[in-house]
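Since every read-out is calculated from the coordinates, none of them should be taken as a lab result. Owing to the predicted nature of the structure, the values given are computational and were not obtained by experimental measurement. Backbone-built Cβ (ideal geometry, glycine too); neighbour counts: all protein chains shown.
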Amino acid sequence: MKLYDYPQCPFGQKVRIVLAEKELSYELVNVDLRRGEQKRPEFLKLNPFGKVPVLVDEDVVVYDSTIINEYLEDEYPHPRLMPEDSQGRARTRLFEDYADLAFILPVGVLMNEVRKPEAERDAERVRRSREEIERTLAYLNGQLGEQPYLGGEFSVADAAFAPRLMVLRAVGIELRPQWEPLRRWIERLAERPSVQKLEGLEGWR
Ligand SMILES: N[C@@H](CCC(=O)N[C@@H](CS)C(=O)NCC(=O)O)C(=O)O
């Protein structure tokens with residue numbers, strides 16, 4: 001298997017967690033986004049959107065992190081990273097979609113702002129992304145309750161949140177004292193070898 005990816009891409013990180021959890025070996029092909037390699041004709045043949053990650057498994061080409069993770073689950077079902085019942089599967093898919101849209105994106109916006117010298121930051125963008133992240137965290141805290149992971153057992157939904165949960169402190173988001181289930185979940189995720197070996201978080205953890 002080959003994974004076309006970029007170390008700092010949180011969508012690629014979702015897929016790398018799932019590959020590690022399933023103990024699948026693969027060749028990592030670095031697509032340098034800074035040099036626009038994702039828009040070269042040979043890469044566009046793999047993914048017409050010109051984005052990483054892309055997985056090539058023999059003659060199967062799959063792009064989009066959520067669809068890649070579903071393919072991996074279908075093709076390599078052990079260990080299971082999705083519930084078997086349709087209700088649980090729908091819930092897992094909803095959480096994964098929520099991670100992509102309501103968490104990965106605003107944390108990315110905040111990371112871009114925090115990287116800039118303070119005088120150059122867009123205060124309104126910082127305020128809006130912080131607000132969205134905190135709303136998401138409060139919701140997740142409520143959803144977790146006493147469960148160790150989002151759907152009870154570790155799943156692709158936890159894998160989707162994990163990379164960006166690892167950088168919260170570095171972007172200045174503090175967990176509220178009443179978010180105890182959330183804090184315990186983040187600690188549990190940080191202990192998983194699949195999360196510990198993630199590349200692209202250097203300087204942020
Ligand atoms: N929905 C896609 C999003 C992938 C994505 O946005 N990848 C970014 C890097 S993190 C990318 O390749 N950007 C390059 C570009 O848009 O030119 C997924 O889940 O895989």
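Treating only the Cβ atoms of Lys and Arg (+1) and Asp and Glu (-1) as charged, compute the dipole magnitude of the stretch 86-196 about its Cα centre; round to the nearest 20 debye.
Working: 18 positive and 18 negative charges, 6 e Å.
The calculated dipole for the stretch 86-196 is roughly 40 debye.
Pairs to check: K39/K197; K22/K197; K14/K197; K14/K39; K116/K197; K45/K197. Give those whose C-alpha atoms are more than 24 Å from each other in this structure. Don't skip to the end; give the middle numbers.
Numbers: K39/K197 28 Å; K22/K197 14 Å; K14/K197 12 Å; K14/K39 22 Å; K116/K197 27 Å; K45/K197 30 Å.
Long pairs (Cα-Cα over 24 Å): K39/K197; K116/K197; K45/K197.
Taking Cα atoms of the stretch 2-75, Rg/Rh with Kirkwood Rh, to two decimals? Walk me through the intermediate numbers first.
On the way: Rg = 11.4 Å, Rh = 12.2 Å.
Across the stretch 2-75, the Cα-based Rg/Rh ratio is 0.94.
Regarding the chain, what is the average projected area of its C-alpha convex hull, in nm²?
Details: hull surface 48.0 nm².
Spelled out: convex hull of the Cα atoms, projected over all directions, averaged, 12.0 nm².
Just the number, please: percent antiparallel of the DSSP beta bridges in the stretch 1-132, rounded to the nearest 5.
Details: 7 of 11 bridges.
In the stretch 1-132, DSSP labels about 65 percent of beta bridges as antiparallel.
Placing unit charges on C-beta atoms (Lys and Arg positive, Asp and Glu negative, everything else neutral), compute the dipole magnitude of the chain about its Cα centre in debye, rounded to 20. Provide the component values of the computation, followed by the final result.
Working: 31 positive and 37 negative charges, 158 e Å.
Rounded to the nearest 20 debye, it is 760 debye.
Between N30 and Q147, what is the spin-label point distance in nm, taking each point 7 Å from the Cα along the Cα→C-beta axis?
For N30 paired with Q147, the spin-label model returns 3.8 nm.
From the mean inverse distance of alpha carbon pairs (Kirkwood) and the Cα radius of gyration, derive Rg over Rh for the stretch 86-196.
Working: Rg = 14.3 Å, Rh = 14.5 Å.
My calculation puts Rg/Rh at 0.98.
Students often check this: by mean Cβ neighbours within 10 Å, which of 108-118, 161-171 ranks highest, and how do the rest follow? Spell out each step's value before the answer.
Numbers: 108-118: 14.8, 161-171: 20.5.
Those peptides, ordered most packed to least, come out 161-171, 108-118.
Any chance you could run the full-extension gain for E180 through R135? It's 0.36 nm times the residue separation minus the Cα-Cα distance, nm to one decimal. Please list the in-between numbers first.
Working: separation 45, 0.36 × 45 = 16.20 nm, distance 1.55 nm.
In short, 14.7 nm is gained.
Quick one: give the max-minus-min coordinate of the C-alpha atoms of the stretch 146-186 along each principal axis, largest first, in Å.
Answer, in whole Å and largest first: 29, 22, 9 Å.
So if I take the alpha carbon set of the stretch 35-130, get Rg, then get Rh from the Kirkwood formula, what is the Rg over Rh ratio?
On the way: Rg = 17.7 Å, Rh = 16.3 Å.
Answer for the stretch 35-130: 1.09.
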